[in-house]
């Protein structure tokens, strides 16, 4: 293409952390430009946010319905090419549906929807539309995660036997001392907005998706124990589970917001018959490779020995760390390739595209619902019904 892709945004206005992350990531490679948005359900906040982003006031909308209808009627040379959805969980399905029906591509925050039922309906909409739909599970964008995936695909681990995925945070523990802590008394603990889970839905889903992305394995069953340690909260703030995968592998997945002292300690360990790999999100530029009968190796991002998957998603030379924003940007860059191909008449590519899609979103929702159902049944083994 000989122009930037035109981006719209729903949500992410003044004071929204993740909206700013998306805007920085989309802008990083100079291929995308924010031109329109409905940045809040409060029209005045949306208007003021549009001013912050130096947008044409006529492209700053009071509602997502108005935005989808208006942008969808504009000529292809003027309308937004895609919309990014960074609204709350209960709006993901409604907003995505409105823009897909307007013929506009979608990039959406996770989780995909409020419920598995909504997620499956959205999958049907996406398939029928033929449009690009990307889900921003941003941890898939790290170069050494892509290196790990390539190692698994190449058979370097042998048959995968065991998987351990963890996402401990400790920020919520302060609520035990001060129940009025506004920083953690947020919408993610409101079932009418967040859905049936807080911790597993918010961060456990990242651990599930990271395993799915690296290994390519399907999660078939879980035996989960979800807990709420902060008094008065209606949703979980901690959870542990056993996992079964379609190749016979077994796993352990743990996510927590009351793990005192941890920040965003997402990590994964994958054990095979020939080797194992280990990756830590807080040290993302390194991939540890371990063997039974020789010393372990530490692979680092930006080196000549990295494979093409990692190299394509690396911007800086070795020794200059890349991290969270760049990983988000890699998801945007891959989605932008797909959208540009669509606009150019060459979509889809035979080799596919490297970003989480609608199927990943449905599997994520199936995982959340299975975990909650299992926990309610005293950790009984529960099938994951995503397919």
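FYI, it's all coordinate maths here, none of it is from the lab. Everything numeric here is computed off the predicted structure, so don't read it as measured data. Glycine gets a Cβ as well: all are built from the backbone with ideal geometry, and neighbour counts include every protein chain shown.
Packing around the peptides 72-81, 151-160, 266-275, taken as the average count of other Cβ atoms within 10 Å per residue, puts them in this order, highest first: 266-275, 151-160, 72-81.
Please find, in a Gaussian network model of the chain (springs between Cα atoms separated by less than 10 Å), the residue of 302, 344, 251 whose mean-square fluctuation is greatest. For the chain, modelled as a Gaussian network with Cα springs under 10 Å, the answer is 344. Rounded to 0.05, the FRET efficiency of the residue 65 and residue 187 pair, given R0 = 22 Å and the Cβ-Cβ distance, is 0.60. One decimal place: the segment residue 290-residue 2 gains 99.1 nm when fully extended, by the rule 0.36 nm per residue minus the C-alpha distance. Using the alpha-carbon centroid of each, what span in Å lies between the stretch 1-69 and the stretch 225-252? Here the two parts' Cα centres lie 35 Å apart.
Each Cα pair under 8 Å and six or more residues apart adds its separation to the average, and for the chain the resulting relative contact order is 19 percent. Indicate the gyration tensor shape class of the chain (rounded, prolate or oblate), computed on the Cα atoms with a ≥ b ≥ c the square roots of the eigenvalues: a/c under 1.5 is rounded; otherwise a/b larger than b/c is prolate and the rest oblate. Oblate. Bridge orientation summary for the chain: considering DSSP beta bridges with both residues in this region, about 60 percent are antiparallel. Subtracting the Cα-Cα distance of residue 51 and residue 174 from their residue separation scaled by 0.36 nm leaves 40.7 nm. Classified by the C-alpha gyration tensor, the stretch 275-374 has an oblate form. Its axis ratio a/c, with a ≥ b ≥ c, is 1.5 or above, and a/b does not exceed b/c. Put simply, when 18-24, 363-369 are sorted by average Cβ atoms within 10 angstrom per residue, most first, you get 363-369, 18-24. Length gained on full extension, residue 162 to residue 282, computed as 0.36 nm times the residue gap minus the Cα-Cα distance: 41.0 nm. Sequence-distant contacts, meaning Cα pairs under 8 Å at least 6 residues apart, place the relative contact order of the stretch 5-131 at 24 percent.
Which residue, 32, 298, 325, has the most motion in a Gaussian network model of the chain that connects Cα atoms within less than 10 Å? Its mean-square fluctuation being the largest, the pick is 298. Between 166, 117, 326, the Gaussian network model of the chain with springs among Cα atoms under 10 angstrom shows the greatest mean-square fluctuation at 117. Legend: P(r) of the stretch 5-131 from all alpha carbon pair distances, 10 Å bins from 0, whole percents, reading 14, 48, 33, 5. Placing a label point 7 Å from the Cα of residue 318 along the Cα-to-Cβ direction, the residues of the stretch 114-143 whose backbone N falls under 16 Å of that point are 143. Entry note, the chain: the mean residue ellipticity at 222 nm calculated from DSSP H runs of n ≥ 4, each adding -39500 (n - 2.57), is -10000 deg cm²/dmol after division by the residues and rounding to the nearest 500. Measuring nothing but alpha carbons in the stretch 53-202 and taking Rh as the Kirkwood radius, the Rg to Rh ratio lands at 1.05.
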